[in-house]
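K.L.:
Pasting a structure below so you can have a look.
The values are calculated or read from the model by the stated rules, or taken from the named source; none is laboratory data. Nothing here was measured: the structure is a model prediction, and the numbers come from that model. Every residue, glycine as well, gets a Cβ built from its backbone with ideal geometry; the counts of neighbours run over all protein chains shown. The protein model used for the area step is the full one, side chains on, heavy atoms only, and it has no ligands, DNA or RNA in it. Shrake-Rupley method; radii C 1.70, N 1.55, O 1.52, S 1.80 Å.
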Amino acid sequence: MAEELILTQEGYDKLQEELDDLKYVKRKELAERIKLAISYGDLKENSEYHSAKNDQAFMETRIIILEKTLNSARIVDSKQVSSTTVNVGSNVVLNDIEFAEKLEYQVVGPAEADVLNNKVSYESPLGKALMGKAVGDQVNVDAPMGIVKYELLEIKVL
């Protein structure tokens, strides 16, 4: 059995959308590219054909990964996310103690982590340190540059 993967509803929907796009749009586009490349003749030295076949292999691999991910996913019910302790789906406001800087993150599953959009995986060092914490708790994160200390200021449930 595949390992269970925890996702927010938003993360699940985004992966499902990507899967649908690959299966029902990109596959057709790639089939047309391959058909066109074949029409150029001699497949041995046909770079267009080899490029399209390579893209097809990557796409089919991604489809398999997405299907496995979605089939083993457990969606966090936002109604069950607590506002008293951090869990997957929680939005947290932290104070970086050293720099006195407020930071806001959403704790998500690993498949939907996106640091540029302030989404941290519950498996990341920060995510692990936050899980189960309550407002007022100090969170110590073991980072490459040393221990980073945060104070948990707020837990939001969207």
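K.L.:
Helix-only mean residue ellipticity at 222 nm, the chain, DSSP H runs n ≥ 4 weighted -39,500 (n - 2.57), per residue, nearest 500. What is it?
P.N.:
Numbers: 4 runs with 57 residues, N = 158.
My calculation for the chain gives -11500 deg cm²/dmol from helical runs alone.
K.L.:
Also, I was wondering about something else. Looking at the chain, what % of the alpha carbon pairs are farther apart than 24 Å?
P.N.:
Details: 6145 of 12403 pairs.
Cα-Cα pairs of the chain separated by over 24 Å account for 50 percent.
K.L.:
Also, quick follow-up: With everything on Cα atoms, drop me the angle between helix 27-39 and the longest principal axis of the chain, reported from 0 to 90° to the nearest 10.
P.N.:
Around 30 degrees separate the two axes.
K.L.:
Which of T84, T61, T69 ends up with the largest GNM mean-square fluctuation for the chain, with Cα atoms connected below 10 Å?
P.N.:
T61
K.L.:
If you roll a 1.4 Å probe over the heavy atoms of the protein chains, what accessible area per residue do you get for the range 1-139, in Å²?
P.N.:
Solvent-accessible surface per residue comes out at 63 Å².
K.L.:
If the limit is 31 Å between Cα atoms, which of K26/K133; K23/K128; K26/K102; K53/K119; K28/K79; K14/K156 go over it? Show your work: numbers first, answer last.
P.N.:
Details: K26/K133 43 Å; K23/K128 34 Å; K26/K102 41 Å; K53/K119 34 Å; K28/K79 39 Å; K14/K156 22 Å.
Among K26/K133; K23/K128; K26/K102; K53/K119; K28/K79; K14/K156, the Cα-Cα distance tops 31 Å for K26/K133; K23/K128; K26/K102; K53/K119; K28/K79.
K.L.:
Once Rh is set to the Kirkwood radius over Cα pairs, what Stokes-Einstein translational diffusion coefficient, in µm²/s, holds for the range 83-154 at a temperature of 37 °C and a viscosity of 0.692 mPa s? Mind dumping the intermediate values first?
P.N.:
Details: Rh = 11.9 Å.
It diffuses with D of about 275 µm²/s by this estimate.
K.L.:
Next question, about the same structure. Could you tally the net charge around E104, taking each other residue with its Cβ under 12 Å from the Cβ of E104, Lys/Arg +1 and Asp/Glu -1?
P.N.:
Residues near E104 contribute 0 overall.
K.L.:
Within the accessible area of the range 17-61, what % is carbon and sulfur when the probe is 1.4 Å and the other protein chains stay in place? If you can, show how the numbers build up before the last one.
P.N.:
Details: 1810 of 3390 Å².
On the range 17-61, the fraction of accessible area on carbon and sulfur atoms equals 53 percent.
K.L.:
Indicate, rounded to the nearest 5 percent, the antiparallel portion of the DSSP beta bridges found entirely in the chain.
P.N.:
Numbers: 19 of 25 bridges.
The antiparallel proportion sits near 75 percent.
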